[in-house]
Each structure stands twice: as structure tokens, then as C-alpha cells.
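The values are calculated or read from the model by the stated rules, or taken from the named source; none is laboratory data. Values in this document were obtained by computation on a predicted structure and should not be read as measured data. Please note: Cβ atoms are built from the backbone with ideal geometry, for glycine as well, and neighbour counts cover all protein chains shown.
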Amino acid sequence: MFKNLVFTIKKDQHSIEAIREILTAHPEIKFVSIIGIDYAGNDTDEKIPVSILLNDIEGFLKGATQTDGSSVVLPGIATLNNAKVDMVCDLDVNWFIDYDYTSVDEETGKPIGTLRIPCFLIHEGKAVDSRAALKRSIDFVEKNLFEMFKEKPDLLAPYGITVDDIEQVAATAATELEFWVKTPEENAQVDELSTSQVLQEQYWARTKGAVRSALEEILLLLDKYGLEAEMGHKEVGGVKGKLGEGGEFSHIMEQLEIDWKYADAVQAADNELWVRILTRQTFRRYGLDVSFLAKPITGVAGNGEHTHLSFALKLKNGKRINLFTATDTTQFLSVFGYASVMGILNNYEVINPFVSATNDSLRRLKPGFEAPVCIVTSLGHDAAIPSRNRTILIGVVRDLNAPLATRFELRAPNPHTNTWLTLAVLFMACNDGINYAISNNKSEADLLAELSKNAGEEVGTYLAKDRAYRSEEDVFEDYSDEERERLFGRAPATVYENLLGFEKYPEKYSILTAGEVFTDKTIASFKDGVQTRWLVELTGRIIPEYMSEVRSCKKVACSDSCEIDAANWEAVQSLRVELMKDTVGSKSIFSKICVAADKGDYATVSDLQVLMDAKIETLKIAYANYKKNILDL
């Protein structure tokens, strides 16, 4: 199926001659699609006949394709009365060919392909898309570091180089993709999934049948696209499939993870989008559904997309130096490494809105599922023995035998996190921490002491005095809820609470607008889009789903009813009424939310959403207890 196909047009093949030669030699590539990324992380997908590209390659690549900007999520920027957006091709990243294996080209007998060309979205002469924001942040940090190296050449002395030896400051990144796969219409019971998870019956287990075939095909395809697959395996969630009479597996419901190699940051974000598309398409060919939701099943492990980042110096002699790796073996990190992780922790209140921008994303960030719940890092118990704490927000990944591998792993993102914007704000936060460290002549020991301080200790001037930022303990098990909040801060419970970080922390907000990487207008556009999706999903999807759940909790007619059953049902009915039943004198929680949303009273909507979610969880438990005591089910 994959024989004699071209999968990638690499960035060094973007000359007019090379493009013409490739497309002419592969007439099965029938279309070209210009891929722009809006602030919601959506990718455009305009199908243009490849003949138009071949007729004027230079004009196509150096000019701009126009689109209606009102159809993408750029509120307050591309509006109905000012909707023209130009799409300018990005020549500095790889382009992938998307094949439809169900549609065959009559001339070649090969699947029909579409060339996907990433682009920047230009409105009124300015790039206003997610990819452009990431590129601006990288350029800004690189410029800042070069200026530091010129002003303070001693910063490079530990590496034995001068600023003239440096060709580029490279921002690198990688992501890991977790997802649930299941037979269509299959839904296992939550208690069955939860029991399997606690027993760790699926984690690292063998894949079988169609799941195995699809997973192996994905790994092979990643290599064909040059992404260098590293691993595919089962995750902790799921239950065993059932073997049918014909030898095929059914009732499939399990969680998987795929990993591939790091890349320069913009390319890494592009790669992640393509792997998601490739994964969904491949599993569908095997008759399986895929979910990238952060929390597709309440009470069971959700899907994370741990995001790795680092800075490296590319030297003119071809060598590479990881800026986070310690040159002193008694230290965990270099000055740049400590400063960067401090920058992320100190500014996370304005980073989190980009990382966790949906109702679904915040459902995943709960204690007990290896998803982070507070702003804290872990370095390891000893600099000589790298270790990883899976309960914290951002961890340090080190390998003493591979100094280039030193990086940070942010554990909060999920597969629907906008990776371009998330990396952009993370790099800006790193830059802020580095500015603090270098301008104050901080050593590795100084920064380690400040990062490791106890709450209430005044060590340094960057991190908040009343907070702690490092823990080598199990954050879920070794602290109470009250202790976690006191030491590491309270996690936002709703999208609205998360967005308040922009207003509550103006000094942190300002790190995003440095160098006009972001502007007040672009952040307002992002915020408006997130807030709109929050409200529409809450009133148009979540509440109707909860209504169905409330209605499904019905009283059971049985011959063995007793006082306990009556009391259990009364508890269930009381919750049903409180959630959903309006009377002349009072409104239900559902109705109150809708009224507050119509009035634009978002604070009240947020508070009621927290109450509603808690009542729904209580209802589920109460109804389960009620049914467990009924014999006649």
C-alpha cells in the first residue's frame, strides 16, 4: 500500500525546480492544502487542485492564498466586516502528503494524495496565527540570548566557546500522544475500567488484533514521514477485548501512547498535528474509533500530551550544546536551566490559560490520575542520580550519558492543547527567568536555593515568598488538599477562573507582550475565543448531557423494597430536583447557569458550574448505591 509513494517534501526541497520535479513524478498527488492554525488550534484545510500550484509555483510560494477569516477562530481580528486573511506558505518546515487510502488514482493505481503546506495567517499586514506566535517567541528569545552573550562573554566560558562560534539558538520540543481506542458504539462500565486501572492490568500489556495492526502501521508510517518513531505501547486505561467466534476481537476499549523524536519547536508542533491526523485515519481503516479528549471517561485516566522543551546552541562547526545541561556535576541544571524552570513556575498563571483552555482539559487535572494539580517541580533526590516524579507539573528529564537530552517535561497539556501557543508562552516564561538570573548575576547554587526554598522563606527576589516550588514527594499522597493549595497555589476549577490569570497578574501578563510576541489584541482574541467556547459547550452540550444523565436515574420497581431503598432513592431524587427541576418559587442549577450566561454574569456561571459538577458526581454515587441494594434489576 505504501510502495513508491513520496511522504514528505523536506524544507531543503522547497525550490521551484524540486517541487515541480516531485509533483510531476507523482501525479497521484492531486491536491494541495494550505494549513493555517487559528487560536483554537484548528487547522484550515482548503483543497486546491495541484495543477494550480504547478502553473505558478513561484507566485504560489511567494504570494498569498486568500481565505475568509471569519470562519476561523480569530475573534476581534478577522471579523465579518474585515474578514480578508492571506495565507503565506512557510518554507522553513517539512510538508507532508496526506493519502486517502480508500480512493485510488486511476492513472497510477496509487492512493490519491494531498500536499499539506503549513502557512502563516496574515491580517492587515500582520501574522495573527498560532504558528507565527511561536516563531516570534523563538526569534525573540534567540535575539535576547545573543545580546546577553555579547554583553557577558563569561556566560559561555563553561562551554569553551565565544558568541562568534554560535550559528543559532535552537528551541527544541517534543510531544507524546495518548489516546483511547475502541470499537464503535462500545462503552465499558466505569467501575470495570477503574478496577482494571487500579490493578494496572493493561499498562504495558500486549496489543492484539486490529489494535496491534493499527499501532504497528502507525509506527511504520511515522518513519516513512521522517518523524522517527520511538515507541508505541498500551497506557494504564482500558479493559481486555473479547475474542469472537471468527477469531476477531470485539468490545475493544483501551488506551495507547505513541512517541516520536524531538524537532525544532515549530516543526515539532506541526508534527504533533500530523500524528493526530495520521492516528485517527489509520485506526479508522481498522474499524476503530479514536478519542483525543483529555477526559473522555469520568473516573478513569485521561489523555495527556506531555510536552518537552529545551534550548540548544548550534555551533558553526556543527556541534550542539544543550543550554539546560549542568557543566558542574554537583548541580542538576545550568544557570539557564534553573532560570528557565523558575520562569515557567513563576509565570504559570498566565501560561495555564493556553495549556488548559477547555472544560474537558480541566476535568483531567484532578488528583489520583497522574495529572498535575498544582504549580510545582521536581529535580530529583540527587544530582548524580537522575529521577522523575510523575506527580508534579513540570519535571526535569536528564541522562548523565546523554547531555543533549536534558529537557523539561510539562505534564499538563492534552491532545487538544494548542501546542504552538503553549510552546510560545513557555519560551517567553523561560526568557523571563533567564533575564532575572543573568541581570542579577545568579549562580547555579543561588538559583537552586531559591527554587528549593520552603513556603515563607525569603530566598532571592523572583519567586513568591509565601509559596514553595519544588517537591520530591508524591504530591497526591503526601499532602492534603489544604497543604497543596497553601504551598503550591490553588488550581483553577473552571475555564473562567483560568482566564482570570491575565487580569490578576499584570506583571506576569507583561512577559507575554515583550517584543510584541503577543499583543493585547491577540491575547484578547484568544481569550474571547476560549470564553465563547466555554459558554457554548457548557449550555449547549454539557448541560443537555447532564439532563440525560439525571433522567436516566429512575426509580426501580421491585418486590423487595425496604426502608434503606426508600432512603437511598430519596437522596437520589433530591439531587435530581436540585439539578434540573424548576418550580414557581425557585430555579434549578441548570436553569440558573443558563440565566447567568444570558446576562453575561460569567463569575456566577463559573461558581454554578463547580457546584453542578460536584452534584452530578454525588448523584452518580448515590444512584449506584441505590441500585446495588435492589435484587430485581
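Scanning the stretch 493-520 for residues that are on the phi > 0 side of the Ramachandran plot and either of a type outside the set (Asp, Glu) or in contact with a helix residue (DSSP H, G or I) (Cβ under 7 Å, 6 or more places away or on another chain) (or both) yields a single hit, Gly515.
Of all residue pairs spaced 6 or more apart or on separate chains, those with beta-carbon atoms under 8 Å, a first member in the stretch 562-579 that is in contact (Cβ under 8 Å) with a residue 40 or more places away in the chain and a second member that is of a type in the set (Gly, Ala, Ser) and not in a helix (DSSP H, G or I) are Leu579/Ser588. Scanning the stretch 535-573 for residues being within 15 Å of Lys628 (Cα to Cα) and of a type in the set (A, V, I, L, M) gives a total of 7.
The number of residues in the stretch 471-492 being buried (at least 20 other Cβ atoms within 10 Å of the Cβ) and either aliphatic (A, V, I, L, M) or touching a strand residue (DSSP E or B) at 6+ places or on another chain (Cβ under 9 Å) (or both) comes to 4.
Just checking, how many residues over the stretch 505-545 are in contact (Cβ under 8 Å) with a residue 12 or more places away in the chain, more than 17 Å from Thr494 (Cα to Cα) and of a type in the set (Ser, Thr, Tyr)? Residues in the stretch 505-545 being in contact (Cβ under 8 Å) with a residue 12 or more places away in the chain, more than 17 Å from Thr494 (Cα to Cα) and of a type in the set (Ser, Thr, Tyr): 4 in total. Here is the figure for the stretch 471-524: residues that are outside any loop (DSSP other than H, G, I, E, B), among the acidic types (Asp, Glu) and over 30 Å from Ile122 (Cα atoms) total 5. Against the test of being among the charged types (D, E, K, R) and in a loop (DSSP other than H, G, I, E, B), the options Glu107, Glu21 yield a single qualifying residue, Glu107. Taking the listed residues Val290, Val275, the one that is assigned by TED's automatic domain parsing to the domain that holds Ala402, modelled with pLDDT under 95 and either buried (at least 16 other Cβ atoms within 10 Å of the Cβ) or assigned to a helix (DSSP H, G or I) (or both) is Val290, with no other qualifying.
Within the stretch 34-59, residues that are without any contact (Cβ under 8 Å) to a residue 40 or more places away in the chain sit with their Cβ atoms under 7 Å from residues that are of a type outside the set (Gly, Ala, Ser) and surrounded by fewer than 14 Cβ atoms within 10 Å (Cβ to Cβ), at 6+ positions apart or across chains, in these pairs: Leu54/Arg20. Tell me, please, whether a residue that is in a loop (DSSP other than H, G, I, E, B) and either crowded, with 18+ Cβ neighbours inside 10 Å or in the same structural domain as Thr298 (by TED's automatic domain parsing) (or both) can be found in the stretch 578-594. Among the residues of the stretch 578-594, at least one is in a loop (DSSP other than H, G, I, E, B) and either crowded, with 18+ Cβ neighbours inside 10 Å or in the same structural domain as Thr298 (by TED's automatic domain parsing) (or both), which makes the answer yes. For Arg411, state whether it is surrounded by fewer than 24 Cβ atoms within 10 Å (Cβ to Cβ), assigned by TED's automatic domain parsing to the domain that holds Leu463 and in contact with a His (Cβ under 6 Å, 6 or more places away or on another chain). Yes, satisfied.
Criterion applied to Leu91, Leu115 was being of a type in the set (A, V, I, L, M, F, W, C) and crowded, with 19+ Cβ neighbours inside 10 Å, and the one residue passing it is Leu115.
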